[in-house]
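The values are calculated or read from the model by the stated rules, or taken from the named source; none is laboratory data. All values derive from a computational prediction rather than experimental measurement. Methodologically, a virtual Cβ is constructed for each residue, glycine included, from the backbone with ideal geometry; neighbour enumeration extends over all protein chains shown.
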Amino acid sequence: MHVPSFPKILLVVCFAALAAGRATGCKCGSKYHGKSGWEQAKLDANDATVIFEGVPVRAELQWDLLQAQEGARISANAFSDRACEPRMLVTFRVQRSYKGALGPTVQIKTGLGGGDCGAVFDTGLTYLVFGDGTNLSDLNVNMCSPGGWVESPFVATELRYVRKERPIGGDLAISKSGTPDATAAIEAQTRRNSEEFQRRYAAATGKICGRVLAEKATYENDGILSFLSADGYSPIQHPDSAVNPDGSFCSSLLGPGEYYLYFSRGSQDGPTSASYYPGEAEQDKATNIKVKAGQTESNITFSVPKQKAYSVRGVISTDDKSGLGADSVSVSLISLDGLPYLLARNKTVDFEGALPLPKVKYFEMENVPPGRYVAYVSVLGKGWYTKKKIVNVTTHSKFISLELEHTVPTNGPGH
C-alpha cells in the first residue's frame, strides 16, 4: 500500500508496552514477482479477494480489551498475543468496484501502524484498495499491499490494469537489475516518481499552522500537537507535530476534512497536561478545523488552560508468583475518551522479592490528567488473566485493586 508517511514524534508512554511485547517489525515482501509492472499488477489482482476505488469515511479502533464489560476476565497478554491485539476498522465509500460483490460501502481491517504493518489512509483522498480475506465480512489490508492513492505515480500501472485500459510502454518493460546501468535507471525513475508524488500530494492536501499559548513548568517539554481526523484515527499512526519553543506549530500535509487539535505536554513520566482546541478537556466540546486541498489554515491561536492532574495508586495481587520477575508485569492506563495515544501511563511492577507481601505488590502513577481509563495488568508470558477495571479520574486521586490469575484454559483462549 503506497501511502504517505508522516514524521512521528512518539510520546514516551505511547507505545512502550506494545513494542515490548512485539519485537518484530514490519518488512514488506511479495510472494509474486512479475517480469514487468503489467504482469505484477495481473498477479496481484488475481490474488486479491476484492479490488475497488474508494474514499475512507470512518476509522474505528477495535480491541477486545476496550469492548469487554467491566469486571470481565480478560487476557493479560493483549500486548503480545496477536489474537488479542488492537486493530483499525476502516469504512470506505466505494466509487468503482473491480472485483468482489461490493455494496456502496466496504469495511477493511488493518493494523494501528508503528510496527504492525498497519496501512494509513488520509481522509478526503481516493484509494485503489486490494483487500484480502476469506469472505467479504473479513477483509484485510496492510502497508505492503498493492494499491494506494490513485493520484500516485506508483499506482498508475495497477490502475490501468484494473480499469482495463491499454498499457503504456513502461507498463510492459521487462524489469532488469544486477547491472550498474539497470540499477541507475531504476533509481532515477523512482526519484522522478517520488518528486511527482510530492507535487501532486501537496496540491491535494492542506496544513494547519498557528501558535500555542500555555504556561510551562521547568520539567515539562514544549508539547506535541496531534491532528485528529473527525472521521476517526489510529492512536498510534496519526499526524502530529512538535510545538516550537516560541509556541508556533505547523502540521504536516493533511487530507481534506475536519480535524481536532489535541495538545499534550509532559515529562519523562508521561503527559502532565492535555487539551483540545480551543481549550477544552473533552472532545465533544472541542472546535474542529477544516482543511482544504492546497490551502493552509493559519493564524490558529490555541490557549491551553491550566489543568490539574492526579495520582492513581493501587495494589496487584496474584494467585501464583512463579514466573513473575522484575520486568515481566506492568500496569497501563488506557484511555476510554479517544485520546491520540494508546497508553496514557505505563508502569513496570517488580514481583521479585517478598516485601511487602510475596503475592501483593504496590504501584503508583503520578500526574494523570482527568479522564476515563482502563487500568490493565499485562504480563510477558502465557496463561495469565486479569479483570477489566475502569478508573474515572475526576477531582481527586484514586486507589484501586487489580488481580492476576495464572491458569491454562481447557476450551478457548478466553480473551
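With the requirement that a residue be more than 16 Å from R265 (Cβ to Cβ), out of contact with any Asp or Glu (no Cβ under 8 Å at 6 or more places or on another chain) and polar (S, T, N, Q), what does the stretch 190-243 give you? Passing the criteria: T190, N193, S194, Q198, S234, Q237.
Annotation: of all residues in the stretch 244-258 being assigned to a loop (DSSP other than H, G, I, E, B) and under 21 Å from the mean Cα position of the chain (by Cα), the one that is farthest from D122 (Cα to Cα) is S251.
Taking F130 as the residue in question, decide whether it is at pLDDT 95 or above, assigned to a loop (DSSP other than H, G, I, E, B) and not small (G, A, S).
no
Listed by first and then second residue, the pairs linking a residue in the stretch 44-68 that is assigned by TED's automatic domain parsing to the domain that holds G100 and among the small types (G, A, S) to a residue that is in a strand (DSSP E or B) and surrounded by fewer than 16 Cβ atoms within 10 Å (Cβ to Cβ), with Cβ atoms under 6 Å apart and 6 or more places separating them unless they lie on different chains, are G54/R93; G54/Q95.
Count of the stretch 191-233 residues, restricted to those that are of a type in the set (A, V, I, L, M) and closer than 22 Å to G247 by Cα, is 8. Among the residues making up the stretch 95-127, those that are assigned to a loop (DSSP other than H, G, I, E, B) and farther than 26 Å from A203 by Cα are G100, A101, L102, G103, P104, G111, L112, G114, G115, D116, C117.
Selection of the stretch 212-239 for residues being closer than 19 Å to Q307 by Cβ and in a strand (DSSP E or B) yields V212, L213, I224, L225, S226, L228.
Across the stretch 311-352, the number of residues qualifying as of a type in the set (A, V, I, L, M) and touching a Ser or Thr at 6+ places or on another chain (Cβ under 6 Å) comes to 3.
Within the stretch 284-337, the set of residues being among the charged types (D, E, K, R) and over 30 Å from T395 (Cα atoms) comprises K290, K292, E297, D319, D320, K321, D327. Of all residues in the stretch 23-36, those that are out of contact with any Gly (no Cβ under 7 Å at 6 or more places or on another chain) and either modelled with pLDDT under 65 or not in a loop (DSSP other than H, G, I, E, B) (or both) total 3.
Of the set (1) over 30 Å from I224 (Cα atoms); (2) at pLDDT 90 or above; (3) surrounded by fewer than 19 Cβ atoms within 10 Å (Cβ to Cβ), all apply to P146 but (3). Any residue at all in the stretch 279-287 that's at pLDDT 95 or above, in a loop (DSSP other than H, G, I, E, B) and buried (at least 16 other Cβ atoms within 10 Å of the Cβ)? No, every residue in the stretch 279-287 fails to be at pLDDT 95 or above, in a loop (DSSP other than H, G, I, E, B) and buried (at least 16 other Cβ atoms within 10 Å of the Cβ). Within the stretch 288-333, the set of residues being modelled with pLDDT under 85, under 18 Å from Y262 (Cβ atoms) and not basic (K, R) comprises Q307, A309. Could you tell me which residue of the stretch 72-86 is modelled with the highest pLDDT, considering only residues that are out of contact with any Asp or Glu (no Cβ under 7 Å at 6 or more places or on another chain) and not hydrophobic (A, V, I, L, M, F, W, C)? So the residue we want is R73.
Of the residues making up the stretch 107-134, those that are over 16 Å from R87 (Cα atoms) and either hydroxyl-bearing (S, T, Y) or free of Cβ contacts under 8 Å to residues at least 60 places away in the same chain (or both) are T123, T126, Y127, T134. Cβ-Cβ contacts under 9 Å between residues 6 or more apart (or on different chains), taken from a first residue in the stretch 369-383 that is under 14 Å from S401 (Cα atoms) to a second residue that is surrounded by fewer than 16 Cβ atoms within 10 Å (Cβ to Cβ) and not polar (S, T, N, Q), are listed as V374/L66; V374/E70; V374/L336; V374/I390; A375/I390; A375/I400.
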